[in-house]
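The values are calculated or read from the model by the stated rules, or taken from the named source; none is laboratory data. In this text, all values refer to a predicted model and were calculated from it rather than measured experimentally. Quick reminder, even Gly has a Cβ in these numbers, built from the backbone with ideal geometry, and neighbours come from all protein chains shown.
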Amino acid sequence: MAALARYKDLCIDAGDAPRTARFWAAALGLDLAGDKGGPWLLTGPTPQHAVWVNPVPDPHTVKRMHLDVHCASIDELVALGATVVRELPRWTIMADPEGGEFCAFVRAEPPQQRLYELVLDSTDPVPLGRWWAEVLGAGEVEEDADSVGLGKVPGAPFEYLVVGAVPEPKTIKNRVHIDVVVEPDGGLAALVERGATVLRERTHDTPWTTLADPQGNEFDAFEIAAG
């Protein structure tokens, strides 16, 4: 079955958007394009590498989606403003300057663009992982009782989107979300038919539709014809 949407880019909410943008540009090996009176834009070698850092008034409280990153050392991330939360055998749980959690994986030769995975928390990860695999047309799906790993997502600048089990239900708006592209003729309707919910219609000032997946995780859809 053909994908219902195409991965477009990543968005991070931040109370101090300039500081957060500078941190993530350096941590991910991206260029800071600055802001144009609104979100801060980080750019890379393809449009899909883009990260938007959106200013919001509310402080960080809980995570729901987080980034996994490659790094040469934990010290380099601490020097950028991150803090160590907990050291584990294979990775280190860290927090960005605003307290947003992420995981760092030390590599002998980290790639220039350092986003490794996106990880989405869920109380019921298997059906949600299968849903996102269908939506994004993942070429590989690895599944067990506690997680679903989506590999070879067309156009995605990361290796995997992982949906992993947590005991806590979703309570507030996610501070990290993805944007997708759908076909103008029926693309949004197809997402809704598969279980997405429209939260906010597009307007002249916001040319995207905000939706939620079947477990309430927000994402934005842009109607742009392929090719």
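The set of residues in region 27-40 that are in contact (Cβ under 8 Å) with a residue 12 or more places away in the chain and not acidic (Asp, Glu) comprises ALA27, LEU28, GLY29, LEU30, GLY38, PRO39, TRP40. Elements of the type strands (runs of 3 or more DSSP E) sitting completely within region 1-54 and holding at least 3 residues that are surrounded by fewer than 17 Cβ atoms within 10 Å (Cβ to Cβ): these cover 31-35.
Identification of strands (runs of 3 or more DSSP E) wholly contained in region 117-227 with 2 or more residues that are under 17 Å from the mean Cα position of the chain (by Cα) yields 147-151, 160-165, 176-182, 209-212, 218-223.
In region 114-153, the qualifying residues are those that are touching a residue at least 60 places away in the same chain (Cβ under 8 Å) and either of a type in the set (Lys, Arg) or touching a helix residue (DSSP H, G or I) at 6+ places or on another chain (Cβ under 6 Å) (or both), and the one that is farthest from THR46 (Cα to Cα) is SER122. The residues of region 73-92 that are surrounded by 14 or more Cβ atoms within 10 Å (Cβ to Cβ) and assigned to a loop (DSSP other than H, G, I, E, B), listed by number, are GLY81, ALA82, TRP91. Only residues in region 77-100 that are free of Cβ contacts under 8 Å to residues at least 12 places away in the same chain count as the first member; pair them with residues that are charged (D, E, K, R), Cβ under 9 angstrom, at least 6 apart or cross-chain, and list the lot. From region 77-100, the pairs are ILE93/ARG86; ILE93/GLU87; ILE93/GLU101. If I filter region 154-170 for residues that are free of Cβ contacts under 8 Å to residues at least 24 places away in the same chain, surrounded by 15 or more Cβ atoms within 10 Å (Cβ to Cβ), more than 25 Å from LEU42 (Cα to Cα) and of a type outside the set (Phe, Trp, Tyr), do I get at least one hit? There is no residue in region 154-170 that is free of Cβ contacts under 8 Å to residues at least 24 places away in the same chain, surrounded by 15 or more Cβ atoms within 10 Å (Cβ to Cβ), more than 25 Å from LEU42 (Cα to Cα) and of a type outside the set (Phe, Trp, Tyr).
Look at ALA138 and say whether it is of a type in the set (A, V, I, L, M), within 26 Å of ASP213 (Cα to Cα) and at pLDDT 95 or above. Criteria met by ALA138. Scanning region 182-200 for residues that are surrounded by 20 or more Cβ atoms within 10 Å (Cβ to Cβ) and among the β-branched types (Val, Ile, Thr) gives a single hit, VAL182. Residue count for region 124-143 under the criterion of being at negative phi and either out of contact with any strand residue (DSSP E or B) (no Cβ under 7 Å at 6 or more places or on another chain) or among the hydrophobic types (A, V, I, L, M, F, W, C) (or both): the result is 13. Residue count for region 4-25 under the criterion of being farther than 21 Å from VAL119 by Cβ and either of a type in the set (Val, Ile, Thr) or in contact with a helix residue (DSSP H, G or I) (Cβ under 8 Å, 6 or more places away or on another chain) (or both): the result is 1.
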